[in-house]
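One structure coming up, written as structure tokens, with questions to follow.
The values are calculated or read from the model by the stated rules, or taken from the named source; none is laboratory data. A quick note: this is a predicted structure, and the numbers were derived from the prediction, not measured. Note that we place each Cβ from the backbone using ideal geometry, even for glycine, and neighbour counts take in every protein chain shown. For accessibility, only protein heavy atoms count, side chains too; no ligands or nucleic acids. Shrake-Rupley method; radii C 1.70, N 1.55, O 1.52, S 1.80 Å.
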Amino acid sequence: MSRPVLVVTGGAGGIGSAVARRFDAQGWHVVVVDRDAERGGAVARECTGLFVHADATTTSGCEQYVEATLAKHGRIDLLHLNVGVLARTSIGEGFDPADYQRMMRANVDSAVFGVQAAFGPMRDRGGGSILVTSSTTGLRPSPDALYSASKHAVVGLVRSLAPALLEVGVRINALCPGAVDTAMLADRRDALVRAGVGLVAPEDVATAAQAAHDAGRTGQAWVVNAGLAVAPHKFTEILIEGEARIQR
Ligand SMILES: NC(=O)c1ccc[n+]([C@@H]2O[C@H](COP(=O)([O-])OP(=O)(O)OC[C@H]3O[C@@H](n4cnc5c(N)ncnc54)[C@H](O)[C@@H]3O)[C@@H](O)[C@H]2O)c1
């Protein structure tokens, strides 16, 4: 079989670059997508892969990386939708709607538009797998309420889309890391360490991403915490009278 193809968005740094390196080391073709051309290009060169300079929060940016990958490799086996940012604003005095929308575009639009751009080509080429980076704050409350809401949205999207995507041969899962030692947390790193929060290395998130993909399941939210094996979150099933079974 020819080498499988990974596309990772936000692949210039942090979790995304660790994922690119891990799959490269396992013999995959790697496509790195990022808005940072310098760092993204460097990661792609290191992996002898393709770099696509695109804004992953727009429909045109998502179509651009899907088309560039199909032009070079003819298919996508795993699309890791990994772009995400923290919000600077919060509910209260001085709330900044533009900053809130910037964060929602990065965390939710990038997932919705990425799935929309990729699922058709995956279906037409016999199937594929999509992994979306959420967070443990997508599974529980957090002081970062707006970020947490965006990451809950990602988990809801993944679990709700999974049955329909499976019918066309596409699996979709969420990756839910705890605090990861990347640039995103640079401002908070010292405070987290002082508070005794275990930081996950980006390389360990990449190992978990591969395990989540390899498990062959769909609709799962894979929790990645320091010192613990990656495992799918156990959701509570609820029954509402008169409705089909739903889960929360
Ligand atoms: N670091 C953590 O503690 C942590 C924990 C849980 C989940 N996450 C999630 O993991 C993912 C990766 O985070 P990270 O810590 O590696 O962050 P990071 O800031 O180190 O890397 C994010 C990458 O995304 C790129 N990017 C941002 N906006 C983009 C856009 N519009 N188009 C293309 N590229 C864009 C950046 O240039 C950067 O290379 C995010 O979704 C984040 O929310 C992070």
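In the range 97-120, which residue that is within 16 Å of the ligand (Cβ to nearest atom) and among the aromatic types (Phe, Trp, Tyr) is nearest to Lys151 (Cα to Cα)?
If we take residues in the range 97-120 being within 16 Å of the ligand (Cβ to nearest atom) and among the aromatic types (Phe, Trp, Tyr), then Tyr100 is nearest to Lys151 (Cα to Cα).
Still on this structure: Can you tell which of Ala18, Ala68, Ala12 is closer than 25 Å to Val224 by Cα and in a helix (DSSP H, G or I)?
Being closer than 25 Å to Val224 by Cα and in a helix (DSSP H, G or I) holds for just one of Ala18, Ala68, Ala12, which is Ala18.
Tell me which of these Asp204 doesn't satisfy, since it passes every other one: (1) within 25 Å of Phe95 (Cα to Cα); (2) more than 8 Å from the ligand (Cβ to nearest atom).
Only one criterion in (1) within 25 Å of Phe95 (Cα to Cα); (2) more than 8 Å from the ligand (Cβ to nearest atom) is unmet by Asp204, namely (1).
Out of Val115, Val168, which single residue is buried (at least 19 other Cβ atoms within 10 Å of the Cβ) and touching a residue at least 24 places away in the same chain (Cβ under 8 Å)? Break it down stepwise before answering.
Working: Val168 fails: buried (at least 19 other Cβ atoms within 10 Å of the Cβ).
It is Val115.
Additional query: Considering the range 199-218 alone, what residues qualify as being more than 30 Å from Asp187 (Cα to Cα) and touching a Leu at 6+ places or on another chain (Cβ under 8 Å)?
Result: His213, Thr218.
Could you count how many residues in the range 56-96 are surrounded by fewer than 19 Cβ atoms within 10 Å (Cβ to Cβ) and within 14 Å of the ligand (Cβ to nearest atom)?
Adding up the residues that qualify gives 9.
Taking the range 186-200 as the search range and keeping residues that are within 11 Å of the ligand (Cβ to nearest atom) and part of a loop (DSSP other than H, G, I, E, B), which one is least open to solvent (accessible area, probe 1.4 Å)?
Going through the qualifying residues, I end up with Leu199.
Please go through the range 13-32 and pick out each residue that is touching a strand residue (DSSP E or B) at 6+ places or on another chain (Cβ under 7 Å), open to solvent by less than 20 Å² (accessible area, probe 1.4 Å) and more than 6 Å from the ligand (Cβ to nearest atom).
Within the range 13-32, Val19, Ala20, Phe23, Val30, Val31, Val32 qualify.
Would you pick out the residues in the range 220-248 that are in a loop (DSSP other than H, G, I, E, B), crowded, with 20+ Cβ neighbours inside 10 Å and touching a Ser or Thr at 6+ places or on another chain (Cβ under 9 Å)?
Keep residues of the range 220-248 that are in a loop (DSSP other than H, G, I, E, B), which gives 220, 225-230, 233-236, 239-245, 248.
So of that shortlist, the ones also crowded, with 20+ Cβ neighbours inside 10 Å come out as 220, 230.
Val230 - this is the single residue of the range 220-248 that is in a loop (DSSP other than H, G, I, E, B), crowded, with 20+ Cβ neighbours inside 10 Å and touching a Ser or Thr at 6+ places or on another chain (Cβ under 9 Å).
Which of the following residues is modelled with pLDDT under 95 and under 30 Å from Asp99 (Cα atoms): Arg248, Arg159?
Values: Arg159 fails: modelled with pLDDT under 95.
Matching residue, one of Arg248, Arg159: Arg248.
Could you tell me whether Val154 is more than 23 Å from Asp144 (Cβ to Cβ), among the hydrophobic types (A, V, I, L, M, F, W, C) and in contact (Cβ under 8 Å) with a residue 40 or more places away in the chain?
Considered against the rule, which asks whether it is more than 23 Å from Asp144 (Cβ to Cβ), among the hydrophobic types (A, V, I, L, M, F, W, C) and in contact (Cβ under 8 Å) with a residue 40 or more places away in the chain, Val154 comes out as no.
Now for a separate question. Any chance you could count how many residues in the range 33-46 are out of contact with any Phe, Trp or Tyr (no Cβ under 6 Å at 6 or more places or on another chain) and either surrounded by 23 or more Cβ atoms within 10 Å (Cβ to Cβ) or among the acidic types (Asp, Glu) (or both)?
To start, the set of residues in the range 33-46 that are out of contact with any Phe, Trp or Tyr (no Cβ under 6 Å at 6 or more places or on another chain) comprises 34-39, 42-43, 45-46.
This time we only want the ones that are either surrounded by 23 or more Cβ atoms within 10 Å (Cβ to Cβ) or among the acidic types (Asp, Glu) (or both), so: 34, 36, 38, 43, 46.
So the answer is 5.
Which of the residues belonging to the range 97-110 are of a type in the set (Gly, Ala, Ser) and open to solvent by 40 Å² or more (accessible area, probe 1.4 Å)?
Result: Ala98, single match.
Can you tell me which residue among Ser150, Ser129, Ser135, Ser142 is at pLDDT 95 or above, buried (at least 16 other Cβ atoms within 10 Å of the Cβ) and touching a Leu at 6+ places or on another chain (Cβ under 8 Å)? Steps first, answer last, please.
Numbers: Ser150 fails: touching a Leu at 6+ places or on another chain (Cβ under 8 Å); Ser135 fails: touching a Leu at 6+ places or on another chain (Cβ under 8 Å); Ser142 fails: touching a Leu at 6+ places or on another chain (Cβ under 8 Å).
Checking each option against the conditions leaves just Ser129.
Of the residues that make up the range 219-227, is at least one closer than 17 Å to Leu139 by Cα, without any contact (Cβ under 8 Å) to a residue 24 or more places away in the chain and under 19 Å from the mean Cα position of the chain (by Cα)? Break it down stepwise before answering.
Our first condition is that a residue be closer than 17 Å to Leu139 by Cα; within the range 219-227, this holds for 219-226.
With the extra rule that they be without any contact (Cβ under 8 Å) to a residue 24 or more places away in the chain, the set shrinks to none.
No, the conditions are met nowhere in the range 219-227.
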